């Protein structure tokens, strides 16, 4: 499939997905959605009444708790029923994402080992790693700062005037652990095979670095290993070509399921927040492209053109991981050195998620505004630094951004119940975040290649 055709097919799949999702929403799952909305409204009403009751031993309190449980059961039953109705569409994207996950771990391992072994000595690996982390930290800081500045400028939560809930009401989102022990456990593998099975990119990177340096150190015997892994990498890239043919179907399935569940009404309800967030993402894109332009000059536009397919795949499937093999191929075609691409890109998927970073400050401060809670400039900067640290340990977790936000909100006494506002629209926002993550990582890889004079 030619590159231009793939872009066209993905774009057509996006449009058809919106149409099919809308029709499904109106004619197939409308009754289920009405029951779900009714249950959600009842739960909110009961929660607000529970908030007003201070005596948890009162008969009224117990009755309300029983009613709440009944409504939660209604919601769960209808949610399961809706999932059954949309199963055909979600299977399309699930197949594609599973095939991508099947490729990612062995691709990262084989390309990174070959890359590090070709770099040769530890000094060179350290030098490239230093430049890479310098770019990543700068990009993370800028993304978080931009989110903070724009959410203060737009104030999307000001008109919501939410009442502060009681502590017993929460949105059932697991908080991100802030402990150093958990972070270390996420970085250093207990078992290489466990890391491969769980697609723990950062752990695979750590093992691959050791393996690559050791392979280079044993000289002639290592050359056989490098040759074998280089051949394996090429085989996996060939498989990638086959899997990418399914990308339009995956995008169609994912978009149909989202629109069928949420309906086009969700866009009007949250239009201001969604519009302001996407406007903020466009500003971030311009900053990333400008930073790339400073180093790469006019070639930066060629790079953006080359990775548009990968960005569309990430946008349609709401995961930047789905675009990883495609980005790797396009960066090598762009002229980036194989050893730099295989070293920088996997690191970026753990340390350089620009779109997710900006969303974290944007969403956290949006919720503070919604509850009319004023955070001082100092508190906002503290939040920014905490997000900068905690976000590095949860890459690859489903709805990772919400998990990190949940852990951060409690530190500033912002009610976690507010996350319920974001859960409904999170898939729509995740699409933009994922595409931005792809752009940021591709740009970082190209820039480091240029700095290392490894760009053809």
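What follows draws every value from the coordinates through simple rules; no lab data is involved. What you see is a predicted model; the values in this text were computed from it and never measured. When we count neighbours, we look across all protein chains shown, and the Cβ atoms used for this are built from the backbone with ideal geometry, even at glycine.
Using the alpha-carbon positions of the stretch 61-120, Rg (one decimal) and Dmax (whole number) come out as 23.0, 70 Å. Shape index of the stretch 12-82: Rg/Rh, with Rg the Cα radius of gyration and Rh the Kirkwood radius from the inverse mean 1/r over Cα pairs, equals 1.22. Based on the reciprocal of the average 1/r between different C-alpha atoms, the Kirkwood radius for the chain equals 23.4 Å.
When the Cα gyration tensor is reduced to axis lengths a ≥ b ≥ c, the ratio a/c is 1.5 or higher for the stretch 1-139, and with a/b not above b/c it is classed as oblate.
Between residue 389 and residue 101, the modelled labels are 3.1 nm apart [label points 7 Å from Cα along Cα→Cβ]. Taking all Cα pairs closer than 8 Å and separated by 6 or more residues, the relative contact order of the chain comes to 30 percent.
Considering only C-alpha atoms, what is the centroid distance from the stretch 32-76 to the stretch 322-375, in Å? Here the two parts' Cα centres lie 39 Å apart. Straightening the chain between residue 456 and residue 134 buys 113.6 nm, computed as 0.36 nm per residue apart minus the Cα-Cα spacing.
The separation of the stretch 232-267 from the stretch 442-456, counted between C-alpha centres, amounts to 29 Å.
According to the Cα-based calculation, Rg over Rh for the stretch 268-361 is 0.99, with Rh computed by the Kirkwood formula. What shape does the stretch 232-390 have by the C-alpha gyration tensor, where a ≥ b ≥ c are the square roots of the eigenvalues, rounded means a/c under 1.5, and otherwise prolate means a/b greater than b/c and oblate the rest? Oblate is the answer for the stretch 232-390, as a/c is 1.5 or above yet b/c matches or exceeds a/b. In degrees from 0 to 90, rounded to the nearest 10, what is the angle of the helix 122-154 Cα long axis to the longest principal axis of the chain? Tilt relative to the chain: about 30 degrees. Test of understanding: what is the full-extension gain from residue 153 to residue 69, defined as 0.36 nm times their sequence separation minus their Cα-Cα distance? Answer, rounded to one decimal: 26.2 nm. Using the Cβ-Cβ distance between residue 298 and residue 51 with R0 = 56 Å, the FRET efficiency computed as 1/(1 + (r/R0)^6) comes to roughly 0.45.
Evaluated over the Cα positions of the stretch 205-307, the convex hull gives a direction-averaged projected area, one quarter of its surface, of 11.2 nm².
Relative to the longest principal Cα axis of the chain, at what angle does helix 201-217 sit, 0 to 90 degrees, rounded to 10? Its long axis makes an angle of about 10 degrees. Over the stretch 318-375, the pair-distance histogram of Cα-Cα distances with 10 Å bins from zero comes to 19, 36, 21, 15, 9, 0 percent, rounded to whole numbers. Estimated from the Cβ-Cβ distance and a Förster radius of 35 angstrom, the FRET efficiency linking residue 28 and residue 198 is about 0.50. Scaled against 2.2 N^0.38 Å for its residue count N, the alpha carbon radius of gyration of the stretch 251-312 is 1.51. Computed from Cα atoms, the angle from the helix 220-244 axis to the main principal axis of the chain rounds to 50 degrees. Here the label points at residue 221 and residue 127, each 7 Å from Cα along the C-beta direction, are separated by 2.9 nm in the simple model.
Spacing of the modelled spin labels on residue 60 and residue 41, each 7 Å from Cα toward Cβ, amounts to 2.3 nm.
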